[in-house]
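Remarks on the structure that follows.
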Amino acid sequence: MRSLVRKNIASLRPYSSARNEFTGTAEVYLDANESAQSFVSLATANRYPDPQAALLRSQIAEVMGLPPERTVIGSGSDELIDNLIRIFCEPRQDSILTLNPTYGAYRVFSDINDVAVKTFDLDSEFAIDQSSLEEFLAAERAARTLEGGQTKLFFLCSPNNPTGNAFSLETIEAVCECFDGIVAVDEAYQDFSSRESAVSLLDRYEKLVVLRTFSKAWGIASARVGIAITSPGIVALIASMKYPYNVGGPSQALALEALSRAERVRESVGRTVAERERLATEVARLPFVERVFPSDANFFLVRVREAKAVYRALVEKGIIVRDRSGELHCSECLRLTVGSSEENERLLNALKEYGRG
Ligand SMILES: *Cc1c(COP(=O)(O)O)cnc(C)c1O
């Protein structure tokens, strides 16, 4: 794994903050040039937050079963995606690999870091064809000596956004076996999935990173809290290069509060999954709907006769969905997020009305 790390990161001497140098408890803190008092409702707002988010990570271990020595917290999983690119990819030399179609952030962060993106096309059912992948990676390795750089990171989004399908553990394991860089499995929607998490593979693959977020099922997108679960070596690398205070105290507190209500979150996930199935069944019955794709997430993809017209009809009724027609194998496809049962009812009624012309 060390040989994949950018030289400047491997040799980095991390910034050592006041909160890093003294981690015990004391009566008087005069080490961080903070204000002695808070002027806002959060009494501890005047203090810098814990850079390691130790309390949050211990509760994540308790509630989610993810051991603290394997976790690092990001300002959303978006920050962790960016961190991984910055740790492993030499700008203008190395590249990342993504599925096509997939979540757009991998490409945006690569573009910002001046890192090239290679894409592997999913088949028309949005599955990974194992033999095509092996061929693709063999060709990519053969080209490596000519180009100088290396494809360092493979972002595997499962359940995939925007397609909704999750990949089997066997598929993810096969990717870990045949790709010689870092495999990052983005499990933003894992809470809604019936498939097993890639976390169970961490003991066997040091170069595997699993990303989770509090933004979807856990309901605190506004707080910006994401989790990377990986080998202690990669945890140490991220900890060494991230902004020291990347997750604010209020955000850590909100994540702790969400964890303390895990039972309510699980009930809500159960309702969302049931609503997804009900909505998918109802939508499939509409005359202008050609295909509803199966989903392991809190959204699903639907192919209609004229996506733009359906999109516009919904906007007129104050309902916004995502038109994904421009993506590979997604012609005339809309991505529908499963909302509350009232919101879903409004969506269904609007679609039925559109169907009646
Ligand atoms: C929503 C989403 C995220 C979450 O990003 P945060 O920065 O944690 O809010 C990550 N990956 C995918 C695929 C997503 O759809």
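Each value in this text was obtained by applying a stated rule to the coordinates, not by laboratory testing. Just so you know, these numbers come straight off a predicted model, no measurement behind them.
Compute the long axis of helix 76-88 from its Cα atoms, compare it with the longest principal axis of the Cα atoms of the chain, and write down the angle in degrees, 0 to 90, nearest 10.
Between the helix axis and the principal axis of the chain, the angle is about 70 degrees.
List every residue whose amide H lies under 5 Å from the amide H of G74, counting only residues 5 or more places away in sequence or on a different chain, with H placed 1.01 Å from N in the peptide plane.
Result for G74 returns G226, I227, A228.
Could you give the length gained on full extension between D111 and R346, defined as 0.36 nm per residue of separation minus the Cα-Cα distance, in nm?
Details: separation 235, 0.36 × 235 = 84.60 nm, distance 3.85 nm.
Length difference between fully extended and current span is 80.8 nm.
For the chain, what's the relative contact order in percent, using C-alpha pairs closer than 8 Å and at least 6 residues apart? Don't skip to the end; give the middle numbers.
Numbers: 615 pairs, mean separation 62.6, N = 357.
Rounded, it is 18 percent for the chain.
Once you order the gyration tensor axes a ≥ b ≥ c over the Cα atoms, which shape class does the chain get: rounded for a/c under 1.5, otherwise prolate or oblate by comparing a/b with b/c?
It is oblate, given that a/c is not under 1.5 and a/b is not larger than b/c.
So what are the ³J(HN,Hα) numbers for the range 210-222, from phi and the Karplus equation (6.51, -1.76, 1.60; θ = phi - 60°), rounded to whole Hz, Gly and Pro as x?
Per-residue couplings from phi come out as 10, 10, 10, 9, 8, 7, 9, 4, 7, x, 10, 4, 5 Hz.
Among DSSP bridges having both ends in the chain, what percentage is antiparallel? Round to the nearest 5. All intermediate terms of the calculation are to be shown ahead of the outcome.
Values: 19 of 38 bridges.
Bridges in the chain are about 50 percent antiparallel.
Report, to the nearest 10°, how far helix 130-147 tilts away from the longest principal axis of the Cα atoms in the chain, using its own Cα long axis and a range of 0 to 90°.
Approximately 50 degrees, to the nearest 10.
How far is helix 341-355 tilted, in degrees, relative to the longest principal axis of the Cα atoms in the chain, given as a value from 0 to 90 rounded to the nearest 10?
Helix 341-355 and the main axis of the chain meet at about 40 degrees.
Measuring from centroid to centroid over Cα atoms, what is the spacing of the range 283-357 and the range 186-231 in Å?
Going from one Cα centre to the other spans 27 Å.
Cut-off 10 angstrom, C-alpha nodes, Gaussian network model of the chain. Which of Q93, Q52, Q37 fluctuates the most?
So, out of Q93, Q52, Q37, the one fluctuating most is Q37.
If you take the square roots of the eigenvalues of the alpha-carbon gyration tensor of the range 283-340 and sort them as a ≥ b ≥ c, do you get rounded (a/c under 1.5), prolate (a/b over b/c) or oblate? Present the calculation step by step, with values, prior to reporting the outcome.
Values: a/c = 1.31, a/b = 1.08, b/c = 1.21.
Judged from the Cα gyration tensor, the range 283-340 comes out rounded (a/c under 1.5).
What is the set of long-range amide H partners of E196 at a cut-off below 5 Å, with H atoms built 1.01 Å from backbone N?
Answer set, sorted by chain and number: L169.
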